[in-house]
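See below for the structure under consideration.
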Amino acid sequence: MMTILVGTLAEKGLAQMLPYQDQGLSVEERVNDLLARMTLEERIDMLGGYEAFCIRGNERLGIPVIKMSDGPLGVRNSGKATAFPAGIAFAATWHTDLMREYGEAVGREARSKGVHIMLSPGVNIHRVPMCGRNFEYFGEDPYLASRMAVAYILGVQSQGVAATVKHFAANNQEYARYTVSSDVNERTLREIYLPTFRAAVEEAQVGAVMTAYNLLNGVYCSENAHLLRTILKKEWGFDGFVMSDWGATDDAVAATNAGLDLEMPSGERMNRRNLLPAIKQGRVSLATIDDKIRRMLRIMFRFGWFDRPQTIESTPPHHPDSRAVALQAAREATVLLKNDRNLLPIDRNNISSIAVLGPNAHPAVTGGGGSSRVDPFRSVSFLDGVINLAGNSIRVYYSPGVVTDFTEIFRGSEFWTLDEKKGLVRGLKGEYFANKVLSGVPILTRIDRSIFFRWGEGSPANEAPADSFSVRWTGSLKVKAEGEYEFIVRGDDGYRLYVNDQLLIDNSRARPPRTRRGVLRLASDTLNDIKLEYVERRGNAEVAFGWSRRRSARESEAVGLAAKADVALVCVGFNPETEGEDFDRPFELPDEQVELLREVANVNKNTIVVITAGGNVAMSGWIENVAGLLQVWYPGQEGGTALAEILFGEVNPSGKLPVSFEERWEDNACYNSYLDHDGDKRVAYSEGILLGYRHFDARGIEPMFPFGFGLSYTTFEYGNLSLSADRLRIGQKLKVSFDITNTGIIEGADTPQLYVHDIESSEPRPLKELKGFAKVRLKPGETRKIEFEIDDRALSYFSLSRNAWFAEPGEFEIGIGSSSPDIRLRQRFTLLP
Ligand code: BGC
């Protein structure tokens, strides 16, 4: 076999080839050879990350520095990149081939930037709609999520880039993510929260796994030997490496022994200082250290990182194929939830005006907040998309409807302070403290005329520190007319606002920059006391505060425009500031969006709502009055084009919900087991395996929109279900086939779903579970035969007494449905002992 030497080794000019440099040897031979050449210190140094997003290289031995980049919505690090739709949007396409193309596109962009490891996909199960990172993940069902994860990983890894499946495991809320313990029983863990990770390992040979911040059953995930050693490495045979989430390593020895291989972003804990003595004292074995190095080197050799440069100069990050994938995914992800009177698609010849309204109409909201946020080369907002496709004969009006830019209010708000000598003076008294708890003697006291500060990494004044300080502003504001007044605070990190001694806004525990609003009725001709407390912990520092008379949505220009337009498109939902990493969001739409929806629907019967969100929102109270509803998730940079194509009928929507949409939050399986308050930091997953549709089925509750549901502009019929046998033995396969016909008059795509129902079982089981699906595109009148193959794995549950998956002999039923409750074909068969 010919051996070539490129990149780092050749550059180093190592005259004589060493065995680990020989591409003719097996990966394991090369790993063993290189490992043997490393000193213990060099090995330990490699266990801690380097420059925040790298694995440390080794010049002496020619080990390259390994570069990582965040996903999962694109190649986030190292400059601009394609902003793809969010993970939940991809899950809503139910299109695994498209998902694979997405993975390939990401892999290509990663290569253009010299990235070796993508920190994606994120596969945590959607448990509650509030979880700030739902948008990154693949929904509530482990089977759907597994298929999506496997396709993505295979795509990424086909480009010579390793994927990282995260966050292992049961990281299902952002609130208290560093301290909360997800308490999940073993069966629930195996059936709901782990299958996607398992598929990533067993079916896609994922290169890396990232542990979650939270604790699992009282033990930090990065120190959880049951999770890392027993399940992941031993049972599933994972031979890649496990990295911690950023800063998620607590105890060096515990993590090292439990199976964590790489501490990110640096060796704060897993370093020479902690590990050398531990090795000496026999608390950590050399074999344990070597296994970690082996795992990292194995991936490096397997992916060819020793043998070729990772950067492909000729591939631009804004590859046209990436854009095509982003657009196609945004089209297929859009779920049409409501379409009264077949208002959609809009016939361009029938209307002369359309009002595009709402805070999310423009500029484009491509993704949610946090480490997945991509800075795109370009983006098309919903407004842009409608303008581009509406044609010359349709007038397009635009108004955001609700205020989202508060700069004017922050600049112009008047405050007053009583000065002993001068009487009332403009501004608030600011007391600055060199601690985070507003205590002791202030290091600085001054009058601040307005509160609109962006200190960044700096400090508010020479005498104040850049981090770990706090400020208390006190004074008052004058109100002439009685009415409702709105108070707006924006801050990074925490803050609290009191008006007339009443706590109006409490954002004290938040860390990322957040804007919060509160409304209060104030009497005429009054002086009202203000107290604003602000705490800067570390990093970026900013705080802004303003107030104004509250304008109702009715007074907004948007309602006027809606009244005169033929169609009103209202684009509402969340954005990176209101939905993202490190915090959970409310179930309700933010700010006055609901009021805006109601007012617009009042004046225009052709109101169509477009929701940008990682999951469901409260819809009762407005959904009844709107004609159309589309869930677009976070649609990425091409979202505006995709939406407009659907609105005007150039694309037939085919997205289906990857998560059940509850009518009320109280209807959710986790209503009684979601932690949204301080205090107890344990969440008992008391709903067990009955999550999402499994819960709605078991409790007989009707959701607002069920799992698997989505409308089309055409209709589909299913028929001729046939099973290859009516009896099955363990190890045999069952073929399930049926026909699907497009019975409408336009082309369209549908996703029929296969559910398995265990009719007799000695253990409680969900009424049905998804075990197959296929996205099918059909011309009008066309019929196609669909075939699925299932085996006993699709019939199994995790048996605690056996500590293994078990398919219990007995009767089963196959259901073919268009959504989870809409099962159209059924047939039974028996699993023989
Ligand atoms: C997130 C990870 C991310 C990492 C690096 C963490 O805070 O939880 O998902 O990959 O930061 O940015």
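The values are calculated or read from the model by the stated rules, or taken from the named source; none is laboratory data. Being a predicted model, the structure only gives us computed values, none of them experimental. Note that each Cβ is placed from the backbone with ideal geometry, even for glycine, and that neighbours are counted across all protein chains shown. With ligands, DNA and RNA removed, areas are computed over all heavy atoms of the protein, side chains included. Shrake-Rupley method; radii C 1.70, N 1.55, O 1.52, S 1.80 Å.
Give me the accessible area per residue for the chain, probe 1.4 Å, as a whole number in Å².
Values: 31250 Å² over 833 residues.
The answer is 38 Å² per residue.
Can you give the helix-only mean residue ellipticity at 222 nm for the chain, where every DSSP H stretch with n ≥ 4 adds -39500 (n - 2.57) and the sum goes over all residues, rounded to the nearest 500 deg cm²/dmol? Please report the intermediate quantities before stating the final value.
Working: 17 runs with 168 residues, N = 833.
Calculated from helices alone, the mean residue ellipticity at 222 nm is -6000 deg cm²/dmol.
Take the alpha carbon gyration tensor of the chain, find the square roots of its eigenvalues, order them as a ≥ b ≥ c, and report rounded if a/c is under 1.5; if not, report prolate when a/b exceeds b/c, else oblate.
On the way: a/c = 1.68, a/b = 1.12, b/c = 1.50.
Note, shape of the chain comes out oblate.
How big is the dipole moment of the chain about its Cα centre under a simple scheme where the beta carbon of each Lys and Arg is +1, that of each Asp and Glu is -1, and everything else is neutral? Debye, nearest 20, please.
Roughly 960 debye, rounded to the nearest 20.
Determine the dipole magnitude for the stretch 570-657: charges of +1 sit on the beta-carbon of Lys and Arg, -1 on that of Asp and Glu, nothing else is charged, the reference point is the Cα centre, and the result goes in debye to the nearest 20.
On the way: 4 positive and 14 negative charges, 95 e Å.
I would put it at about 460 debye.
Restrict the search to the stretch 13-79; then list the trypsin sites (Lys or Arg not before Pro) that DSSP places in a loop and that have at most 14 other Cβ atoms within 10 Å of their Cβ. Please report the intermediate quantities before stating the final value.
Values: sites: ARG30, ARG37, ARG43, ARG56, ARG60, LYS67, ARG76; in loops: ARG56, ARG60, ARG76.
Sparse-neighbourhood loop trypsin sites (Lys or Arg not before Pro): ARG60.
Please report, in debye to the nearest 20, how large the charge dipole of the stretch 253-398 is about its Cα centre when each Lys and Arg carries +1 at its beta carbon and each Asp and Glu carries -1 there. Kindly include the intermediate steps, with their values, before the conclusion.
Numbers: 19 positive and 13 negative charges, 98 e Å.
Here the stretch 253-398 has a charge dipole of around 480 debye.
Which of the peptides 378-391, 549-562 is most tightly packed, and how do the rest follow, judged by the mean count of other Cβ atoms within 10 Å per residue? Walk me through the intermediate numbers first.
On the way: 378-391: 20.7, 549-562: 17.7.
My ranking of the peptides, most packed first, is 378-391, 549-562.
Report the one residue of ALA644, SER660, LEU690 whose Cα lies farthest in the direction of the positive end of the charge dipole of the stretch 627-697 (charges on C-beta: Lys and Arg +1, Asp and Glu -1; origin at the Cα centre).
Toward the positive end, the furthest listed residue is LEU690.
Rounded to the nearest 5, what % of DSSP beta bridges with both residues in the chain are antiparallel?
Numbers: 110 of 151 bridges.
So the antiparallel bridges amount to about 75 percent of the total.
Quick check on my link table: of LYS735/LYS771; LYS733/LYS785; LYS113/LYS233; LYS166/LYS436; LYS735/LYS775, which ones sit more than 23 Å apart, alpha carbon to alpha carbon?
Details: LYS735/LYS771 13 Å; LYS733/LYS785 18 Å; LYS113/LYS233 31 Å; LYS166/LYS436 33 Å; LYS735/LYS775 18 Å.
Cα-Cα > 23 Å for LYS113/LYS233; LYS166/LYS436; rest within.
Could you sort out which of LYS234/LYS292; LYS605/LYS656; LYS656/LYS768; LYS421/LYS531; LYS480/LYS531 sit more than 24 Å apart by Cα distance in this structure? Intermediate results must be reported in sequence, preceding the final value.
On the way: LYS234/LYS292 14 Å; LYS605/LYS656 26 Å; LYS656/LYS768 18 Å; LYS421/LYS531 22 Å; LYS480/LYS531 20 Å.
LYS605/LYS656, as the Cα separations exceed 24 Å there.
May I ask you to list the GluC sites (Glu not before Pro) in the stretch 396-453 that are in a DSSP loop and have at most 16 other Cβ atoms within 10 Å of their Cβ?
Working: sites: GLU408, GLU414, GLU420, GLU431; in loops: GLU414, GLU420.
Passing both the DSSP loop test and the Cβ count: GLU414, GLU420.
How large a share of the accessible area of the chain, in percent, is made up of carbon and sulfur atoms when the probe is 1.4 Å and the other protein chains stay in place? The partial results should precede the final answer.
Details: 14520 of 31250 Å².
That fraction is 46 percent.
Compare the peptides 79-88, 783-792 by average per-residue count of other Cβ atoms within 10 angstrom and give them in order, highest first.
On the way: 79-88: 27.1, 783-792: 15.0.
The peptides rank, most packed first, as 79-88, 783-792.
Output the peptides 264-275, 325-336 sorted from most to least packed, where packing is the average of other Cβ atoms within 10 Å over each peptide's residues.
Details: 264-275: 20.1, 325-336: 26.4.
Result, highest mean first: 325-336, 264-275.
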